[in-house]
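Asker: Have a look at this one.
No value in this document is a laboratory result; all are computed from the given coordinates. These figures come from a predicted structure and were not determined experimentally. A quick note on method: Cβ atoms are made from the backbone with ideal geometry, for glycine too, and the neighbour counts reach across all protein chains shown.
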Amino acid sequence: MSYTQIKLDIADGIATVTLHRPEKMNAFTRTMMDEFIDALDTTDADDSVRAVIVTGHGDRAFCAGADLTPEGGGHVFSDPNPVEDLSDERVRDGGGRLTLRLFQSKKPLIGACNGVAVGVGVTMQLPFDIRLCSDNARFGFVFARRGIVPEAASSWFLPRLVGMQTALEWCMTGRLIDAGEALERGLVRSVHPQGDLMDAAVGIAREIADNTSAVSVAMTRAMLWHNGAGGHPMDAHRVDSRAIYRLSRSNDAKEGIASFLEKRAPEYPDRVSSDMPDFYPWWDEPEYK
């Protein structure tokens with residue numbers, strides 16, 4: 001797939017997805033959604049990719065929200081053919097399609113928010129595993145100020161990241177949140193000068209790529225996101241037990257122990273494309289539903 005509204009660069013184990021609509025402050029469209037999802041399919045399938053960084057083009061905006069103009073490709077606000085059947089596939093929220101795909105990523109996702117991020121520009125970041133921002137970043141869950149509601153499954157993600165009280169305040173007021181408040185409330189991990197942001201993101205990605213097992217990271221990511229929402233610790237125990245049993249007998253586990261004892265950098269042989277445990281994805285099995 002050729003991309004017109006994002007860029008995908010892969011080098012030395014790190015993929016970088018850049019939202020790229022400079023004339024529109026990287027505003028979100030259905031085309032951007034399709035391209036971003038395709039890029040995630042690409043990074044999941046590429047065993048050379050150990051981490052994915054997501055950022056926006058330029059130094060003003062990560063993503064200025066949904067493009068509501070006609071050139072943005074149309075929007076539910078101005079849909080000339082309304083759908084009465086709410087189970088119709090066309091009713092599905094585009095931001096939610098993207099966040100659900102991000103949620104299922106097999107590679108760790110690191111957000112480098114380089115400026116303004118409002119509406120879907122911030123809700124798309126919630127499934128990222130680690131979020132960094134520049135000191136000029138501003139976030140806004142502005143939906144109530146537009147007469148709509150939070151989308152992109154943010155009612156599930158946001159309270160888990162910042163707590164219910166903060167999530168309610170931010171979404172009910174719709175006010176802009178500066179980088180300092182985002183850091184204080186737990187939305188971002190750290191704040192950086194604009195010129196240092198990507199280096200900081202790459203540093204975290206490099207730490208993952210150089211020192212960890214790809215299969216271990218993929219399983220760890222899935223376990224924390226899925227088990228953390230479970231109703232009882234026994235749900236997590238079932239998955240933990242299977243994962244430890246399978247992975248402790250893997251080639252990566254042998255290499256992890258050998259490299260530790262031999263005091264050398266590891267060279268993990270297992271691949272996400274072929275060596276995930278046989279019960280993955282466990283959340284699709286009836287006993288875990």
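Asker: Among the listed pairs 24/106; 106/254; 7/106; 7/107, which are separated by more than 27 Å between their Cα atoms?
Answerer: The pairs that break the limit, which is 27 Å between Cα atoms, are 24/106.
Asker: Now for a different question. Relative contact order for the chain using alpha-carbon pairs under 8 Å, separation at least 6, rounded to a whole percent?
Answerer: On the way: 490 pairs, mean separation 45.7, N = 289.
Reported relative contact order: 16 percent.
Asker: Give the angle, between 0 and 90 degrees and rounded to the nearest 10, that separates the Cα long axis of helix 164-173 from the longest principal axis of the Cα atoms of the chain.
Answerer: 20 degrees
Asker: Multiplying the sequence separation of residue 93 and residue 7 by 0.36 nm and subtracting their Cα-Cα distance, what value in nm do you get?
Answerer: 28.7 nm
Asker: Measure nothing fancy, just the Cα-based angle from helix 94-103's long axis to the longest principal axis of the chain, in degrees from 0 to 90, nearest 10.
Answerer: 10 degrees
Asker: Please order 216, 241 by the number of other Cβ within 10 Å, starting at the fewest.
Answerer: Least crowded to most crowded, the residues run 241, 216.
Asker: To test your reading of the geometry: what angle, between 0 and 90 degrees and rounded to tens, separates the Cα axis of helix 251-261 from the longest principal axis of the chain?
Answerer: 70 degrees
Asker: A further question on this structure: Mind checking region 169-268 for trypsin sites (Lys or Arg not before Pro) that DSSP puts in a loop (not H, G, I, E or B) and that have at most 11 other Cβ atoms within 10 Å? Show your work: numbers first, answer last.
Answerer: Working: sites: 175, 185, 189, 206, 221, 238, 242, 246, 249, 254, 263, 264; in loops: 175, 189, 249, 263, 264.
Loop-located and lightly packed - 249, 263, 264.
Asker: Could you pull out the chymotrypsin sites (Phe, Trp or Tyr not before Pro) across region 10-110 that fall in loop regions by DSSP (anything but H, G, I, E, B) with no more than 12 other Cβ atoms inside 10 Å? Please report the intermediate quantities before stating the final value.
Answerer: Working: sites: 28, 36, 62, 77, 103; in loops: none.
Loop-located and lightly packed - none at all.
Asker: What order do you get for 3, 268 when you list them from fewest to most C-beta neighbours inside 10 Å?
Answerer: Numbers: 3 17, 268 22.
In increasing order of surrounding Cβ atoms, one gets 3, 268.
Asker: Could I ask something else about it? Tell me which label goes with the value of Cα extents along the principal axes in Å computed from the coordinates here: [x] 75, 40, 31; [y] 61, 46, 40; [z] 45, 44, 35.
Answerer: From the options [x] 75, 40, 31; [y] 61, 46, 40; [z] 45, 44, 35, the structure gives [y].
Asker: Quick one: if you stick a label point 7 Å off each Cα along the C-beta vector at residue 135 and residue 48, how many nm between them?
Answerer: Taking the simple label geometry, residue 135 and residue 48 are separated by 3.7 nm.
Asker: How big is the antiparallel share of DSSP beta bridges in the chain, given as a percent to the nearest 5?
Answerer: Close to 30 percent.
Asker: How many nm is it between the label spots at residue 59 and residue 242, if each spot is 7 Å from the Cα in line with the beta carbon?
Answerer: 4.9 nm
Asker: Please identify the longest segment of the chain free of exposed GluC sites (Glu not before Pro), where exposed means a DSSP state other than H, G, I, E or B and no more than 15 other Cβ atoms within 10 Å. Display every interim value, and only then the final one.
Answerer: Working: sites that count: 84, 262, 267.
With a cap of 15 other Cβ atoms within 10 Å, the longest stretch comes to 85-261.
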